[in-house]
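The values are calculated or read from the model by the stated rules, or taken from the named source; none is laboratory data. Keep in mind it's a predicted model, so treat the numbers as computed, not measured. Reconstructed Cβ throughout: ideal geometry from the backbone, glycine too, with neighbour counts over all protein chains shown.
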Amino acid sequence: MMALQFAVVLAAIFFGARIGGIGIGFAGGLGVLVLAALGVTPGAMPLDVISIIMSVIVAIAAMQIAGGMDYLVDLADRILRKNPKHLTFLAPIITFLMTMMAGTGHTAFSTMPVITEVAKENNIRPSRPLSIAVVASQIAITASPISAAVVFMASLLESEGTGVDYIQLLAVAIPSTFLAVMCTAAIMIAFDKIRGNSALDTHPEYQRRMAAGTVTVAAKEQRVLKPGAKRSVLIFLIGLVAVMTYATLISDKVGLIAEPVMPRDAAIISIMLSIAAIIVLVCKVPTADILGASTFKSGMSAAICVLGVAWLGTTFVHAHEEAIMASASDLLNGFPWMLAVVLALASALLYSQAATTKALMPTALLIGVGPAAAVAAFPAVSALFILPTYPTLLAAVEMDDTGTTQIGKYVFNHPFLVPGVINIALAVGFGFLFSSFLI
């Protein structure tokens, strides 16, 4: 029966991936319905994670309508055009920091056109900076103070009495993921130089498209920033600082607020909703326009996806918790790094860092995985690049009209896989290093 139910889970995930977009969430709900028909009691819905995602997204959408995203993209544009030789390093730094600040990797959409154009202007194959930038935007979720994955992970570690809190989690996750991104960029640059395939004009597909006249040479976009653009970014940053400050004050390690009025989850939700309200008032943002913002649409789509797949994952895992614990406890206790492999493979199917964390991390701690190992393996929930179906991957392929960023006919031979695997492996390795003396 367990095998049949697992087959239902896989079928639902693959069906959702085939539909694409928000359909993954729909398929997750369908999978829960089928499991219930087979006698499985549905697990708890991830409403806490969904609430955090929604509150953060509305704040970001308000900032976007106020012009804040245009201001950040314009800033990124100036940085990249001023230092084109370092594009492969700077592009992932920008997407990493934007995702870390915003708590969602969908901010990478706005920077991809800039990365592509700067690469073309400087005879650099766009596939390299684009691929590392996309991977960086994914792994930065595990370093973001306001991402649903980080907040849930911190709450789980604290509720299980591991002695690890929100501050320690970020103290390990931020440096380990950022260093991994930088090392990945350096490795891929060296790899390209050794193979001699860094120059764009040597790529056969680019040559073919140039001859056919299908490659566009866009002029630098002159953005007219709205009056409240800079103010909206400042207000959002104040909210981010407020979240981190409150989380620090209520931390058991700091102990300045022994009995907080609000738990961390509620504080993040209320602060982000408040930030959205302040941006609307101060920057005179029409609330109706927020509903049409691209970040709002993609964020709410992500929320539905997490709702469906996380609910599906927790339903199956909770139904067979004892069997999973019996079969996996010895392996993971003997080889704790194997948890990273499990999380990476699961995230490729569950399509979300938050959903993967919600579905598997509680069981990992239950079967005896130490908190230091769990924190070290945490970045592995970002392996969304394995299957080339994630929106940011597809967007990178579509935006690169030079043809250097392509998905091969064997599906897995795409430019995101190698840098993604290297990035995850390095982040987990650095995670074990940092957690050894910080936890």
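Can you spot a residue in the stretch 27-37 that is farther than 17 Å from L387 by Cβ and assigned to a loop (DSSP other than H, G, I, E, B)? No: the stretch 27-37 contains no residue that is farther than 17 Å from L387 by Cβ and assigned to a loop (DSSP other than H, G, I, E, B). Of all residues in the stretch 392-416, those satisfying the criterion of being touching a helix residue (DSSP H, G or I) at 6+ places or on another chain (Cβ under 9 Å) and closer than 23 Å to V341 by Cα are T392, L393, H414, P415, F416. Restricting A140, A186 to those that are farther than 17 Å from A373 by Cα and either crowded, with 18+ Cβ neighbours inside 10 Å or within 19 Å of the chain's Cα centre (by Cα) (or both) reduces the list to A140. So in the stretch 43-71, with the set limited to residues that are in a loop (DSSP other than H, G, I, E, B) and modelled with pLDDT of 90 or more, which one is surrounded by the fewest Cβ atoms within 10 Å (Cβ to Cβ)? Across the stretch 43-71, the extreme among qualifying residues is G67. T402 passes every criterion in (1) under 21 Å from the mean Cα position of the chain (by Cα); (2) under 27 Å from S198 (Cβ atoms); (3) at pLDDT below 85; (4) buried (at least 19 other Cβ atoms within 10 Å of the Cβ) apart from (1). Examine the stretch 169-191 for a residue that is touching a helix residue (DSSP H, G or I) at 6+ places or on another chain (Cβ under 9 Å) and outside any helix (DSSP H, G or I), and state whether such a residue exists. Looking for residues that are touching a helix residue (DSSP H, G or I) at 6+ places or on another chain (Cβ under 9 Å) and outside any helix (DSSP H, G or I), one finds none in the stretch 169-191, hence no. Of the residues making up the stretch 269-326, those that are within 28 Å of P362 (Cβ to Cβ) and either modelled with pLDDT of 90 or more or assigned to a loop (DSSP other than H, G, I, E, B) (or both) number 6. When V342, V421, V397, V428 are checked against the criterion of being in contact (Cβ under 8 Å) with a residue 40 or more places away in the chain and assigned to a helix (DSSP H, G or I), V428 stands alone in meeting it. Being surrounded by 23 or more Cβ atoms within 10 Å (Cβ to Cβ) and hydrophobic (A, V, I, L, M, F, W, C) holds for only one residue in L170, L179, L130, L156, and it is L130. The residues of the stretch 143-187 that are among the polar types (S, T, N, Q) and modelled with pLDDT of 95 or more, listed by number, are S176, T177, T184. Which of the residues that make up the stretch 285-312 are in contact (Cβ under 8 Å) with a residue 60 or more places away in the chain and more than 30 Å from V32 (Cα to Cα)? Once the filter is applied, which keeps residues that are in contact (Cβ under 8 Å) with a residue 60 or more places away in the chain and more than 30 Å from V32 (Cα to Cα), the stretch 285-312 yields V285, P286, D289, I290, A293. Only one of the listed residues (L349, L365) is outside any loop (DSSP other than H, G, I, E, B) and at pLDDT below 80. That residue is L349. In the set (1) more than 20 Å from G239 (Cβ to Cβ); (2) assigned to a helix (DSSP H, G or I); (3) modelled with pLDDT under 85, P336 fails one condition alone, (2).
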